[in-house]
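Undergrad: Have a look at this one.
The values are calculated or read from the model by the stated rules, or taken from the named source; none is laboratory data. Computed from a predicted model, the values in this text were never measured in an experiment. Please note: Cβ atoms are built from the backbone with ideal geometry, for glycine as well, and neighbour counts cover all protein chains shown.
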Amino acid sequence: MPTIKTRDGVEIYYKDWGTGQPIVFSHGWPLSADDWDTQMMFFFNHGFRVIAHDRRGHGRSSQTDGGHDMDHYADDLGALTAHLDLKDAVHVGHSTGGGEVVHYIARHGEGRVAKAAILSAVPPLMVKTAANPGGLPKEVFDGLQAQLAASRSQFYYDLAAGPFYEGMMGGAKAHYDGIVAFSQTDFTEDLKKIAVPVLVMHGDDDQIVPYADSGPLSAKLLKKGMLKTYKGFPHGMPTTEAATINADLLAFVKA
């Protein structure tokens, strides 16, 4: 399997198909690169180079006990893009992967990046704070951690009635810590730094990352943010509404 080794010794699995302009996909918690199969096949068939990796502790990457935070996620993505010497890349992130993409661009710069798209993504901030009164109470995420620690397979089944079976490929510690990473990381300043065009795609029936406190706020904070709202679309819209999402992503990439 193709892998790279990070500075702290973690092996990151990735897949890399095709030639042409690269599109790099960052998956949601607690899944793997395979969650992007529909998009990767679509864009490969449209002449693009498509790349997706398993986040540390997820899928086929190392089940390390540490580094499950946005800084490490962004640095791992940076290590992959440097290893592959990607240029003019389009970064696409879903859910937690949207946060990873935003943090990567803000932290590592735009030298290798042409555009980005974040779908059903966690920025600017999921948890409720004094500055983010529309967020979800911290107790919600504490409860998710407790359920995961008690019975991970039952928790994934209850949370998504099936699609999160992929999560069982990864490590419990990574997924436990990842709940803090996706819920408590504040991406506000990251979003303000980004100057490349970013398409913000969000369904207004998202039951995982509520629409009102995510997509519209991210689009406003971005210098070149474009919000596309999907009436009735759920959190998993890249899979459940793939034809629509793929067509809109293709139009954005080619614009």
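Undergrad: Take region 44-54 and flag every residue that is out of contact with any Gly (no Cβ under 8 Å at 6 or more places or on another chain) and within 20 Å of His103 (Cβ to Cβ).
TA: Within region 44-54, Ile51, Ala52, His53 meet the criteria.
Undergrad: Here is a further query. In region 168-180, which residues are outside any loop (DSSP other than H, G, I, E, B), of a type in the set (Gly, Ala, Ser) and farther than 21 Å from Val127 by Cβ?
TA: Applying the first criterion (outside any loop (DSSP other than H, G, I, E, B)) to region 168-180 yields 168-169, 172-180.
Remaining after also requiring of a type in the set (Gly, Ala, Ser): 172, 174, 178.
Ala172 - this is the single residue of region 168-180 that is outside any loop (DSSP other than H, G, I, E, B), of a type in the set (Gly, Ala, Ser) and farther than 21 Å from Val127 by Cβ.
Conditions tested, residue by residue: (1) over 22 Å from Asn246 (Cα atoms); (2) of a type in the set (D, E, K, R).
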site	(1), (2)
Pro123	no, no
Ala131	yes, no
Pro137	yes, no
Asp158	yes, yes
Gly170	yes, no
Thr185	yes, no
Ala195	yes, no
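Undergrad: If you check Ser183 against the conditions, is it more than 26 Å from Val253 (Cα to Cα), assigned to a helix (DSSP H, G or I), at pLDDT 95 or above and polar (S, T, N, Q)? First the steps, then the outcome.
TA: On the way: more than 26 Å from Val253 (Cα to Cα): yes; assigned to a helix (DSSP H, G or I): yes; at pLDDT 95 or above: yes; polar (S, T, N, Q): yes.
Spelling it out, Ser183 is indeed more than 26 Å from Val253 (Cα to Cα), assigned to a helix (DSSP H, G or I), at pLDDT 95 or above and polar (S, T, N, Q).
Undergrad: I'd like to check something: does region 126-134 contain any residue that is closer than 20 Å to His94 by Cα and either at pLDDT 95 or above or of a type outside the set (Val, Ile, Thr) (or both)?
TA: Let us first name the residues in region 126-134 that are closer than 20 Å to His94 by Cα, namely 126-127.
Still in the list and also either at pLDDT 95 or above or of a type outside the set (Val, Ile, Thr) (or both): 126-127.
Checking region 126-134: at least one residue is closer than 20 Å to His94 by Cα and either at pLDDT 95 or above or of a type outside the set (Val, Ile, Thr) (or both).
Undergrad: Give me a count of the residues in region 42-58 that are over 14 Å from the mean Cα position of the chain (by Cα) and either surrounded by 19 or more Cβ atoms within 10 Å (Cβ to Cβ) or part of a helix (DSSP H, G or I) (or both).
TA: Quick first cut of region 42-58, residues over 14 Å from the mean Cα position of the chain (by Cα) only: 42-50, 57.
From what's left, either surrounded by 19 or more Cβ atoms within 10 Å (Cβ to Cβ) or part of a helix (DSSP H, G or I) (or both): 42-45, 48, 50, 57.
Total satisfying the criteria: 7.
Undergrad: Counting residues that are closer than 25 Å to Met40 by Cβ, which helices (runs of 4 or more DSSP H) fully inside region 187-240 reach at least 2? Walk me through it before giving the result.
TA: Numbers: elements: 188-193, 215-221, 237-240.
The qualifying helices (runs of 4 or more DSSP H) are 215-221, 237-240.
Undergrad: Tyr104 - would you say it is over 24 Å from Asp204 (Cβ atoms), in contact with a Leu (Cβ under 9 Å, 6 or more places away or on another chain) and either at pLDDT 95 or above or part of a helix (DSSP H, G or I) (or both)? Before you say what the answer is, go through the steps one by one.
TA: Details: over 24 Å from Asp204 (Cβ atoms): yes; in contact with a Leu (Cβ under 9 Å, 6 or more places away or on another chain): yes; either at pLDDT 95 or above or part of a helix (DSSP H, G or I) (or both): yes.
Answer is yes for this residue.
Undergrad: Also: Just name the residue that is farthest from Phe182 (Cα to Cα) out of those in region 123-160 that are among the polar types (S, T, N, Q) and assigned to a loop (DSSP other than H, G, I, E, B).
TA: From region 123-160, those among the polar types (S, T, N, Q) are 129, 132, 145, 147, 151, 153-154; that's our starting set.
From the residues that got through so far, the ones that are assigned to a loop (DSSP other than H, G, I, E, B) too are 129, 132, 151.
Details: Thr129: 15, Asn132: 15, Ser151: 20 Å.
It comes out as Ser151.
Undergrad: Does Gly236 qualify as being modelled with pLDDT under 95, touching a helix residue (DSSP H, G or I) at 6+ places or on another chain (Cβ under 7 Å) and closer than 21 Å to Ser32 by Cα?
TA: Values: modelled with pLDDT under 95: yes; touching a helix residue (DSSP H, G or I) at 6+ places or on another chain (Cβ under 7 Å): yes; closer than 21 Å to Ser32 by Cα: yes.
Spelling it out, Gly236 is indeed modelled with pLDDT under 95, touching a helix residue (DSSP H, G or I) at 6+ places or on another chain (Cβ under 7 Å) and closer than 21 Å to Ser32 by Cα.
Undergrad: Give just the number: which of (1) part of a loop (DSSP other than H, G, I, E, B); (2) under 16 Å from the mean Cα position of the chain (by Cα); (3) within 20 Å of Ala114 (Cβ to Cβ) does Leu31 not satisfy?
TA: All conditions are met except number (3).
Undergrad: Among the residues of region 8-17, is any in a helix (DSSP H, G or I) and within 23 Å of Lys115 (Cβ to Cβ)?
TA: For region 8-17, residues in a helix (DSSP H, G or I) and within 23 Å of Lys115 (Cβ to Cβ): absent.
Undergrad: Any idea how many residues of region 59-78 are in contact with a strand residue (DSSP E or B) (Cβ under 6 Å, 6 or more places away or on another chain) and in a helix (DSSP H, G or I)?
TA: Looking only at that region, the number is 1.
Undergrad: Among the listed residues Asp205, Asp213, Asp248, which satisfies the condition of being surrounded by 15 or more Cβ atoms within 10 Å (Cβ to Cβ), of a type in the set (Asp, Glu), over 15 Å from Gly134 (Cβ atoms) and more than 16 Å from the chain's Cα centre (by Cα)? Quick ask: steps written out before the conclusion?
TA: Working: Asp205 fails: surrounded by 15 or more Cβ atoms within 10 Å (Cβ to Cβ); Asp213 fails: over 15 Å from Gly134 (Cβ atoms).
Of Asp205, Asp213, Asp248, the one residue that is surrounded by 15 or more Cβ atoms within 10 Å (Cβ to Cβ), of a type in the set (Asp, Glu), over 15 Å from Gly134 (Cβ atoms) and more than 16 Å from the chain's Cα centre (by Cα) is Asp248.
Undergrad: What number of residues within region 216-227 are surrounded by fewer than 17 Cβ atoms within 10 Å (Cβ to Cβ) and under 18 Å from the mean Cα position of the chain (by Cα)? Steps first, please.
TA: The initial filter retains those residues of region 216-227 that are surrounded by fewer than 17 Cβ atoms within 10 Å (Cβ to Cβ), namely 216, 220, 223-224, 226-227.
Okay, now just the ones that are also under 18 Å from the mean Cα position of the chain (by Cα), so 216, 226-227.
Total satisfying the criteria: 3.
Undergrad: Among the residues that make up region 183-199, is at least one of them within 21 Å of Lys115 (Cβ to Cβ) and free of Cβ contacts under 8 Å to residues at least 40 places away in the same chain?
TA: Looking for residues that are within 21 Å of Lys115 (Cβ to Cβ) and free of Cβ contacts under 8 Å to residues at least 40 places away in the same chain, one finds at least one in region 183-199, hence yes.
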